[in-house]
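Asks: Quick one: the structure is below, and I'll ask about it shortly.
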Amino acid sequence: MRATVIGMAALLSACAGGPSPSDWQLNARGALAQYQRHHFAGDTPLAEKEFAQARAEISRTGRADLLARAELVRCAIRTASLEFDECPAFEALRADAGAEEIAYADYLAGRATRAASDEPLSRLVAAGVRLKSATITPEGIAGAIDVASSQGWRRPLLAWLAVQAKRAEESGDPVALARIRRRMELITTGE
């Protein structure tokens, strides 16, 4: 698995017994992708509906290790959006998770480090982990904003701009604060 969302493909191909994936794998992969899409767009009810569908598909296998991976996908996506928690649904499955999943959960919690890929989601998750660990720089915040903006990911973009706005306010930079707030308004009024 990679430092990103643990790779949705890895989640589902882990059980692939033959050349073509089974229905549950295709359905779960699609639902996880839609979860990310809707979550990043800011549509929480639809995102959670998609995640419930992915969970139901994976549950059909009776494999708690795969369900633990899916929960880490959700935690990673939430981390990218600066929605921090202790990944309670993963923690409930920790005993059945593999070493790689446990290491990734520790990474998301800020208790471990790992290299991030150049993939946008991986970079945004890594920035979220650095923010949670209080080790992010202003350049890191700007980089996270650039990633979220270039992907059109509304929710993470607003979250990262809010961090940047708070820092501008704390440093007494009214010009930067006004610019950031205008950008946030553009995002929220363009719905």
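Asks: May I ask for the angle, rounded to the nearest 10°, between helix 138-151 and the longest principal axis of the chain, with both axes built from Cα atoms and the value confined to 0 to 90°?
Replies: For helix 138-151, the angle is close to 60 degrees.
Asks: By accessible area of protein heavy atoms, probe 1.4 Å, what ranking do Phe51, Phe84 get, highest first?
Replies: Largest accessible area first, the residues go Phe84, Phe51.
Asks: A follow-up question, please. Express the accessible area of the chain per residue in Å², computed with a 1.4 Å probe while the remaining protein chains stay in the model.
Replies: 48
Asks: Would you mind getting the Kirkwood hydrodynamic radius of the range 40-137 from its Cα pairs, rounded to one decimal in Å?
Replies: Here the Kirkwood hydrodynamic radius works out to 14.0 Å.
Asks: Calculate what fraction, in whole %, of the accessible area of the chain sits on carbon and sulfur atoms when a 1.4 Å probe is rolled over the protein chains.
Replies: 52
Asks: Any idea which of Gly190, Leu66, Pro88 is furthest toward the positive side of the dipole for the chain, if Lys and Arg beta-carbons carry +1 and Asp and Glu beta-carbons -1?
Replies: Gly190
Asks: Nearest 10 degrees is fine. How inclined is helix 64-80 to the longest principal axis of the chain, computing both from alpha carbons?
Replies: Approximately 10 degrees, to the nearest ten.
Asks: Nearest 10 degrees, 0 to 90: what angle lies between the long axis of helix 174-189 and the longest principal axis of the chain (Cα atoms)?
Replies: 50
Asks: Another question, then. What accessible surface, in Å², does a 1.4 Å probe find on Ser117, ignoring ligands, DNA and RNA and rounding to the nearest 10?
Replies: Probe radius 1.4 Å; accessible area of Ser117 about 30 Å².
Asks: Next up: Kindly rank 27-33, 90-96 from highest to lowest mean number of other beta carbons found within 10 Å of each residue.
Replies: The densest-packed peptide leads the list: 27-33, 90-96.
The values are calculated or read from the model by the stated rules, or taken from the named source; none is laboratory data. Everything numeric in this text was worked out from a predicted model, so none of it was measured. Ideal geometry is used to build each Cβ from the backbone, glycine not excepted, and the neighbour counts take in all protein chains shown. Note: accessible area is taken over every heavy atom of the protein model, side chains too, but ligands, DNA and RNA are not part of it. Shrake-Rupley method; radii C 1.70, N 1.55, O 1.52, S 1.80 Å.
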